[in-house]
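The values are calculated or read from the model by the stated rules, or taken from the named source; none is laboratory data. Note that the coordinates shown come from a computational prediction; the quantities given were computed from them, not determined experimentally. Every residue, glycine as well, gets a Cβ built from its backbone with ideal geometry; the counts of neighbours run over all protein chains shown.
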Amino acid sequence: MDYKNIDKNLVSILSAIAQNNIKRPMEPGVDYIPASGKVLFEQDLLYGVDAVLDGWLTGGRFNKEFEKKLAEMLGSKRVLTVNSGSSANLLALASLTSPKLGERALKPGDEVITVASGFPTTVNPILQFSCVPVFLDVSVPGYNADLSLLEDAISPKTKAIMLAHTLGNPFDLDTVMDIAKKHDLWVIEDNCDALGAEFNGKKTGSVGDLGTASFYPAHHITMGEGGALMINNPQLIRIAESMRDWGRDCWCETGHDNSCGNRYNGQHGDLPFGYDHKYVYSEKGFNFKITDIQAAIGLSQMERVDAFADKRRHNHSYLQTIIKNELGDMIICDQAHPKATPSWFGSTFTLEENFPGTRHELLQYLENHKVGSRLLFAGNILKQPGYLDMPHRVVGSLKNTDRVMNDTFWLGSWPGLEDRHLDYIAQQLVNFVKENR
């Protein structure tokens, strides 16, 4: 990049400082190996510096370019950046409540089909808009919704399906989209853990009516805090744009006024004629925008999104192969749909009954040997303290969901890990088994 604001003589100095600040040696057995992490390059920080020196700070040239490039990469009709993946999920659900959608708009008491095994921010928007989550069980392995019960879950109150591609492993989009079309249901893809994944040749996040992404440091690319809403249904573009930006009716870009030439000439609701269009609100919206500094870092990271996804696939396959060969009769390894090309967020395992020890004991052992691990998020959200009294409906049983809650965990596959880290991680699992047999 030809940096707009940075003197060429300073670029090499800033690059050296950036390299020093992001260099993080990680020696297996000496340094802690986290389950997730970011991979930064000096260019990422230089982009951020360039954005700071614009003095504009809020969304500007970098944000506009980032939204465009992400939409092109995914094949989405429109991308809106937001301040987190959680906000992207909230904005996605909120967009479906707009009165502009008529009978298809979500209203309090309407049902949204999802799973209980996942991250809370897939479920929270459903509750926050007084809708009712309808929970399906998941498969083990795969950890996505058991779609054999999807049609049974549909009632006259069902309006939408909101599912995550669990840990970067795509759910069966063909089946979900066919059933959604048959019953006229909205589909939201929570793609926060799956940037770069594909199903049947299409990028996940671009198939449903709406998709979401997260750019938190643990995710596939990062801008620190940040996320995006992918809009694939043209009917939702203007609604989502408005809701992201306070619910305003005006479509002028930030820093521009009166693009339409009719700022003071309209009749809006019951307001006086000619009320300033910049202060007309047609949706009940939020302020979910990001800074241009974040967008600049994300734009730089976008150059490596495919390489990051490939490295995640390599790391996942490498670790899974070792564990399958060494402990395959005691641990269930990951499994993807035949049409899926995952972009693995982590490497997931479930303990069999003959495993010599509990999950808790194993993860404490790994922690003591400087290996980070994670559970599959909420496990069973119905058992979480903040959700014990939530309105909901369950279709079938949640047998596998409870198994995930008790016996499932995941280890790192992020691009900062090399084979030597994965060898060490695998060896610690093997050592635990040997010591506890």
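Key figures for this structure:
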| quantity | calculated |
| --- | --- |
| Hits in the stretch 384-398 (condition: more than 28 Å from Pro156 (Cα to Cα) and either touching a strand residue (DSSP E or B) at 6+ places or on another chain (Cβ under 7 Å) or surrounded by 15 or more Cβ atoms within 10 Å (Cβ to Cβ) (or both)) | Gln384 |
| Given (1) modelled with pLDDT under 95; (2) under 25 Å from the mean Cα position of the chain (by Cα); (3) surrounded by 21 or more Cβ atoms within 10 Å (Cβ to Cβ), index of the condition Phe41 fails | (3) |
| The stretch 371-399: number of residues that are assigned to a loop (DSSP other than H, G, I, E, B) and of a type in the set (A, V, I, L, M, F, W, C) | 8 |
| Residue ranges of helices (runs of 4 or more DSSP H) in the stretch 70-166 with at least 1 members modelled with pLDDT of 95 or more and over 29 Å from Thr348 (Cβ atoms) | 85-95 |
| Gln19 outside the structural domain of Val371 (by TED's automatic domain parsing), without any contact (Cβ under 8 Å) to a residue 24 or more places away in the chain and within 15 Å of Ser300 (Cβ to Cβ) | yes |
| Asp402 without any contact (Cβ under 8 Å) to a residue 40 or more places away in the chain and either under 15 Å from His316 (Cβ atoms) or in a helix (DSSP H, G or I) (or both) | yes |
| Qualifying residue in the stretch 250-263 (condition: in contact (Cβ under 8 Å) with a residue 24 or more places away in the chain, more than 30 Å from Gly416 (Cα to Cα), surrounded by fewer than 16 Cβ atoms within 10 Å (Cβ to Cβ) and of a type in the set (Gly, Ala, Ser)) | yes |
| So Ile381, is it surrounded by 15 or more Cβ atoms within 10 Å (Cβ to Cβ) and over 21 Å from the mean Cα position of the chain (by Cα) | no |
| Residue tally, condition of a type outside the set (A, V, I, L, M, F, W, C), surrounded by fewer than 15 Cβ atoms within 10 Å (Cβ to Cβ) and farther than 20 Å from Ile239 by Cα, over the stretch 271-280 | 2 |
| Residue match in the stretch 306-314 (condition: over 17 Å from Ala197 (Cβ atoms) and more than 18 Å from the chain's Cα centre (by Cα)) | no |
| Of all residues in the stretch 228-247 being farther than 18 Å from Leu70 by Cα and of a type in the set (S, T, N, Q), the one that is surrounded by the most Cβ atoms within 10 Å (Cβ to Cβ) | Ser242 |
| Failed condition for Glu283, given (1) part of a loop (DSSP other than H, G, I, E, B); (2) among the acidic types (Asp, Glu); (3) surrounded by fewer than 15 Cβ atoms within 10 Å (Cβ to Cβ) | (3) |
| Filter result (within 30 Å of Lys203 (Cα to Cα), touching a Ser or Thr at 6+ places or on another chain (Cβ under 6 Å) and not in a helix (DSSP H, G or I)) within the stretch 12-57 | Ala35, Lys38 |
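Here is a yes/no grid of residues against (1) closer than 30 Å to Leu236 by Cα; (2) in contact with a Gly (Cβ under 7 Å, 6 or more places away or on another chain); (3) of a type in the set (Gly, Ala, Ser):
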position: Asn5; (1), (2), (3): no, no, no
position: Asn20; (1), (2), (3): no, no, no
position: Gly75; (1), (2), (3): yes, no, yes
position: Glu103; (1), (2), (3): yes, no, no
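Yes or no, residue by residue, for (1) outside the structural domain of His337 (by TED's automatic domain parsing); (2) assigned to a loop (DSSP other than H, G, I, E, B); (3) of a type in the set (Gly, Ala, Ser):
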position	(1), (2), (3)
Lys182	yes, no, no
Gly205	yes, yes, yes
Glu225	yes, yes, no
Met230	yes, no, no
Phe273	yes, yes, no
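Residue-by-condition table, conditions (1) closer than 27 Å to Arg61 by Cβ; (2) part of a helix (DSSP H, G or I):
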{"site": "Gln235", "(1), (2)": "no, yes"}
{"site": "Asn265", "(1), (2)": "no, no"}
{"site": "Gly269", "(1), (2)": "no, no"}
{"site": "Ser300", "(1), (2)": "yes, yes"}
{"site": "Ala307", "(1), (2)": "yes, yes"}
{"site": "Lys311", "(1), (2)": "no, yes"}
{"site": "His316", "(1), (2)": "no, yes"}
{"site": "Gln320", "(1), (2)": "no, yes"}
